């Protein structure tokens, strides 16, 4: 009966997608799994009604009684940009410019147990702009459920969450599915497929194959075929080994304290990194990892109220932040959110030479050649002229990784760099880190929630949950 159907398709084909047959029933949980660039974003747009369809395309049925809500990185980005616009509005009082987390939830639902299950209770009074990527995603999921959504389309919901938060979110979603909610997961890594999901749709080069009622072994077999081992790239070699570095530390922070009003994010937290002492930083969501990195990069203004010495230069001694960043490569969620200008992928990579968002200086032929080499190594051959904003989130992430590497930095700061990447591209990035270790020029400062990213090359591990 169509009354039990959320979405049904008998035959659909356009420039982006080819779907022969697919039916999603109420109360089901589906996983749509594919590599970066396979077309998952178009499936997401199709299911949420965001994909413009040409006149005359047929074969689809959407139940008009369903309330479908999508949560993606792009949703989070749009809200973040709106908050930036509010903050820049001089006509509003300061207290009116920030939307708090609780403002996203129905007022009569703010005591709902789902908020505690997602560990959001202590963050309800925090401005949205100060939430971590994982916290803001959990907030939008809670908002959709508490506002009465009957079907959720979730784009990589477990990315950027610590282990406990993943477990909490998985349990919460299982509970609402048992209560009759329909969920479609868009997944890039097979390890993120929930154990209780029995419906799988694989996608490769835009072709979707739907499989229903599978057991765990069949699901793993299909995923194994989808993620066949890809050859590792030859990474460009543009730097000499680091010898005779004049300072004992690349990073010397004997003990940093960061407060926002009554909220203490870091308290006497040290961070000292010697040359080639690759350092892993871990900790639960909200523990201060990105704040600590902001002290290193100079993007957190409280670096000037703490004793911070970077690359032999003390913060607040008249140094130019741009001069220090010449020896840094940076990949972070914050940079990804702020890279909003319209340009092509090659321009984004070239901007790494200038530490800018966009390129405003002349780019030499040598720089352009190096940028193309890094794009190819990142698996993006032929993407030079592709508009950055039109790429999938994972493809954008690969472009930003190439951007961080074009100038062979002494210090490479990677804040959850594999977020949004499928497991093939994650393998590429981890292979790159091993290559950088062997070349002995770049020192890695790496933030990750994933246990499988705690590589042997790390000489130092700082866990912010231990303090």
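The values are calculated or read from the model by the stated rules, or taken from the named source; none is laboratory data. What you see is a predicted model, and the numbers here were worked out from it, not measured in a lab. Glycine gets a Cβ as well: all are built from the backbone with ideal geometry, and neighbour counts include every protein chain shown.
Can you give me the number of residues within segment 185-210 that are crowded, with 17+ Cβ neighbours inside 10 Å and either assigned to a loop (DSSP other than H, G, I, E, B) or touching a residue at least 60 places away in the same chain (Cβ under 8 Å) (or both)? Before you say what the answer is, go through the steps one by one.
Step one: list which residues in segment 185-210 are crowded, with 17+ Cβ neighbours inside 10 Å, which gives 185-190, 192-194, 197-203, 206, 208, 210.
Those left that are additionally either assigned to a loop (DSSP other than H, G, I, E, B) or touching a residue at least 60 places away in the same chain (Cβ under 8 Å) (or both): 185-190, 193-194, 197-203, 206, 208, 210.
Residues that pass the stated criteria total 18.
On the given criteria, is residue 147 modelled with pLDDT of 85 or more, assigned by TED's automatic domain parsing to the domain that holds residue 47 and over 23 Å from residue 334 (Cβ atoms)? So that I can check it myself, show each step before the final result.
Working: modelled with pLDDT of 85 or more: yes; assigned by TED's automatic domain parsing to the domain that holds residue 47: yes; over 23 Å from residue 334 (Cβ atoms): yes.
Spelling it out, residue 147 is indeed modelled with pLDDT of 85 or more, assigned by TED's automatic domain parsing to the domain that holds residue 47 and over 23 Å from residue 334 (Cβ atoms).
Would you be able to say whether some residue in segment 165-175 is surrounded by fewer than 18 Cβ atoms within 10 Å (Cβ to Cβ) and over 27 Å from residue 394 (Cα atoms)? For segment 165-175, residues surrounded by fewer than 18 Cβ atoms within 10 Å (Cβ to Cβ) and over 27 Å from residue 394 (Cα atoms): present. Residue 139 fulfils the conditions (1) modelled with pLDDT of 85 or more; (2) assigned to a helix (DSSP H, G or I); (3) in contact with a strand residue (DSSP E or B) (Cβ under 9 Å, 6 or more places away or on another chain); (4) over 30 Å from residue 10 (Cα atoms) except for a single criterion, (3).
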